[in-house]
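Worksheet for the structure shown next.
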Amino acid sequence: MPLKVLSSDDWFEIALVKQTTASISFQWTFRNPLDVPYDLFKVEKCYSVKRDQWEMVYWGTGTTLTVRCLEQNLCYSFRASVLHQPTDGADFQYAYQSPIFKACTLPNVPSTMGLYRAVKKSQPGLVRRLLHARPELVNVPVHGETFLYLAVRSGNLDLVNVLLDGGANIDLGVPDTRVTPLHLAVYRRNLALVRHLIEKGANVQAQNCVGMTIGHYAIDTDDLAMVKYVLAQGISQEARDRCQWTLIFRAIYMRASIEIVRHLLERKCRLKVKDRLRLTPLYYAQMDGREGILRLLRRRLKI
């Protein structure tokens, strides 16, 4: 079986030899001779290149390496260097450094973190296998969020379907705040995913811990198409959150477009209402100061 090439350029080729749940083995060869002699190889690993925290895992003359004591189902970054020591005994100097290459450990017996990493890496096939082995993990929150919520954030429809087929609670997203996957899909303006979740039976009337519905989230997107679609699902534009704000309150306060405000007015939203502070939508419009919004409200109120 041919080895998988992890990195290759004009001088150096690195190939994957073996993966286990806790180790990665690879080997390197020269494709062309270097212009200068060399004495040693140095290999470094890093979990996140962005953090630039490289750790040396090898220093020697061999061309095959097994890096051990790694986390299961995790992707690591590596880089290999060729070192040369001058004849005068000075410090080693770099003769060559490979591009950064990546290799992953294999998943172990299905665990919460193994499933979490598979979801984060958008691996629907692996997620399906892990859930087949341990279906009870499907609704376990990690860092306060369910796997379905993470899948919706990634926008991967295949991953969402795998989790739903595996028994994921379609209305469970962030249990502490009662934010649902549908709330998140609306907020991220993913209309295709919003439609899909609603078709799969998501509760369109769900409210988060401060009483916001998907109607309030749609207003926050400032996306007229999303607002129209959400309201067409039977969402009341008079639904109130903890501040006693209906959708028209939120649209004005969040400086939604005049098209969204006009659409709410065309749907006969109530303007003679007050929030928890006994203030009206007109008051917030006057604070906002947009003349177009004020004209629309005054025309509707006939003042």
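Of note:
- Taking the alpha carbon gyration tensor of the range 110-184, multiplying each eigenvalue by 5 and rooting it gives semi-axes of 17, 13, 11 Å, largest first.
- With q set to 0.06 Å⁻¹, the log10 of I(q)/I(0) for the chain, from the Debye formula over equal scatterers at the Cα positions, is -0.37.
- Relative contact order %, the chain, counting alpha carbon pairs below 8 Å whose residues are six or more apart: 9 percent
- Taking packing as the residue-averaged number of other Cβ atoms within 10 angstrom, the listed peptides 178-191, 229-242 run from highest to lowest as 178-191, 229-242.
- Backbone HN-Hα couplings from phi across the range 222-228 [Karplus 6.51/-1.76/1.60, Hz, Gly and Pro as x]: 6, 10, 4, 4, 5, 4, 4
- Choice from Leu164, Leu130, Leu150 with maximal GNM fluctuation in the chain (Cα, 10 Å cutoff): Leu164
- FRET efficiency, Leu191 to Lys18 (Cβ-Cβ, R0 51 Å, nearest 0.05): 0.70
- For the range 15-135, the direction-averaged projected area of the alpha-carbon convex hull comes to 8.9 nm².
- Entry comment: accessible area of the chain is 52 Å² per residue, from protein heavy atoms only and a probe of 1.4 Å.
- Gaussian network model of the chain, springs between alpha carbon atoms under 10 Å - residue of Leu16, Leu163, Leu115 with greatest fluctuation: Leu16
- Hits among aspartates and glutamates - C-alpha to C-alpha of Lys302 under 17 Å, sequence gap 8 or more where chains match: Glu266, Glu291
- Across the range 4-104, the mean sequence separation of Cα contacts (distance under 8 Å, 6 or more residues apart), normalised by length, yields a relative contact order of 28 percent.
- By average C-beta atoms within 10 angstrom, highest first, the peptides 22-30, 55-63, 212-220, 87-95: 212-220, 22-30, 55-63, 87-95
- The range 58-182: relative contact order as a whole-number percent, Cα under 8 Å and 6+ apart: 18 percent
- Here the range 150-192 is scanned for amide nitrogen atoms under 16 Å from the site 7 Å beyond the Cα of Met254 along Cα-to-Cβ, giving 179-191.
- Using the average count of surrounding beta-carbon atoms within 10 Å as a protection proxy, the listed peptides 154-160, 64-70 rank, highest first, as 154-160, 64-70.
- Only protein atoms count toward the accessible area here, which uses a 1.4 Å probe; on the chain, the carbon and sulfur part of that area reaches 49 percent.
The values are calculated or read from the model by the stated rules, or taken from the named source; none is laboratory data. The structure presented is a predicted model; accordingly, all values stated were derived computationally and were not measured. Virtual Cβ from ideal backbone geometry, glycine too; neighbours counted across all protein chains shown. Accessible surface is based on the protein model in full, side chains and every heavy atom, while ligands, DNA and RNA are left aside. Shrake-Rupley method; radii C 1.70, N 1.55, O 1.52, S 1.80 Å.
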